[in-house]
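Working notes for the structure below.
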Amino acid sequence: MSLKEQINTSKIPQHVAIIMDGNGRWAKSQGMMRAFGHENGTKSVKTVIETSVKLGIGYLTLYAFSTENWKRPKLEVNALMRLLVKSLRSELPLFHSKKVRLNIIGDINSLPDKAKRELESAIEETKDYNEMVLTLALSYGAREELVNTFQEIADKVKNNLISPHLITEQVIKEHLYTKSMPDVDLLIRTSGEQRISNFLLWQIAYAELFFSPVLWPDFTAEHLYEAILNYQQRERRFGKTSEQLT
Ligand code: IPE
Ligand code: IPE
Ligand code: MG
């Protein structure tokens, strides 16, 4: 049986998040510039979006650029921003044909105007689609998100819109960039690195983690199947005992 056929279609993770890592090393292994790796990484992005829709994943969240990535050489940052605009344009027909709604999380105001405009129009064009929510984490850092969340809540406290003892987990969730999304079920990181790098700290509290050694530009549908199959073999206990689950 192929990997795809082994997948239990009634146990598909609702929210899959991916730290797409290894573009630079992939390029280096070919004796090419890092930007070449990023360009080839966009093919994997397309594959993963198409495969996720087919599998019935409701929410796919991709870590595309972190708040820390601004520290990279200007040349690479510029190449990434240009690539973002270019791939948004070329992927828009896919979003329309697969009914994918585009969403973004992060400090969007720090993006170049051109990228911001392109993103805003793609979000507007796809806002009524419901097949899958594709969230791009751009200039995203979980700590920045939490700072933003606490500032918003503090403002409400100051204006007597909420009293401090009524701040619950639900209230915090409702102020995150991900307010309209369920928690992450499966978090995948490629390239063999086993760290979180400031991604969705609140939302992965009970996510299953899957680390793939594959560099992002080499990541295929088969690799996604492998991650999902691995996820389906796990017992998610959420603090309970195994016996309580049955
Ligand atoms: C991931 O690949 C893409 C971004 C962070 C934008 P990297 O560029 O981090 O690739 P490596 O980790 O250097 O190989
Ligand atoms: C995390 O990858 C950010 C993205 C994939 C966009 P990095 O390559 O920037 O992470 P570190 O620096 O190795 O932790
Ligand atoms: Mg990296």
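No lab work stands behind these numbers, since they all come straight from the coordinates. Quantities reported herein were computed from a predicted structural model and do not represent experimental measurements. For neighbour counting, all protein chains shown are included, and Cβ atoms are generated from backbone atoms with ideal geometry for every residue, glycine included.
The figures follow:
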{"quantity": "Residues of segment 176-203 that turn out to be crowded, with 19+ Cβ neighbours inside 10 Å, more than 16 Å from ligand 3 (Cβ to nearest atom) and in a loop (DSSP other than H, G, I, E, B), as a count", "calculated": "8"}
{"quantity": "Qualifying position, being within 14 Å of the chain's Cα centre (by Cα), within 16 Å of ligand 1 (Cβ to nearest atom) and either of a type in the set (Ser, Thr, Tyr) or farther than 19 Å from Ala137 by Cα (or both), among Thr178, Thr190", "calculated": "Thr190"}
{"quantity": "Enumeration of residues in segment 39-71 that are crowded, with 16+ Cβ neighbours inside 10 Å and near ligand 2 (Cβ under 10 Å from one of its atoms)", "calculated": "Gly41, Leu62, Tyr63, Ala64, Phe65, Ser66, Thr67, Asn69"}
{"quantity": "Residues that are within 11 Å of ligand 1 (Cβ to nearest atom) and either under 13 Å from Ala137 (Cβ atoms) or touching a strand residue (DSSP E or B) at 6+ places or on another chain (Cβ under 9 Å) (or both), drawn from segment 8-23", "calculated": "Ile18, Ile19, Met20, Asp21"}
{"quantity": "Residue in segment 218-241 that is among the hydroxyl-bearing types (Ser, Thr, Tyr), exposed (fewer than 14 other Cβ atoms within 10 Å of the Cβ) and outside any helix (DSSP H, G or I) present", "calculated": "yes"}
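Quick grid of which residues meet (1) free of Cβ contacts under 8 Å to residues at least 12 places away in the same chain; (2) basic (Lys, Arg); (3) farther than 20 Å from Lys127 by Cβ; (4) assigned to a helix (DSSP H, G or I):
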site: Lys4; (1), (2), (3), (4): no, yes, yes, yes
site: Ala27; (1), (2), (3), (4): no, no, yes, yes
site: Gly37; (1), (2), (3), (4): no, no, yes, yes
site: Gly41; (1), (2), (3), (4): no, no, yes, yes
site: Ser44; (1), (2), (3), (4): no, no, yes, yes
site: Ser52; (1), (2), (3), (4): no, no, no, yes
site: Leu80; (1), (2), (3), (4): no, no, yes, yes
site: Phe95; (1), (2), (3), (4): no, no, no, yes
site: Asn103; (1), (2), (3), (4): no, no, no, no
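Every residue, every condition in (1) exposed (fewer than 14 other Cβ atoms within 10 Å of the Cβ); (2) more than 18 Å from the chain's Cα centre (by Cα); (3) within 16 Å of ligand 1 (Cβ to nearest atom), yes or no:
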position	(1), (2), (3)
Val100	no, no, no
Ile104	no, no, yes
Asn130	yes, no, no
Lys156	no, yes, no
Ile162	no, yes, no
Glu169	yes, yes, no
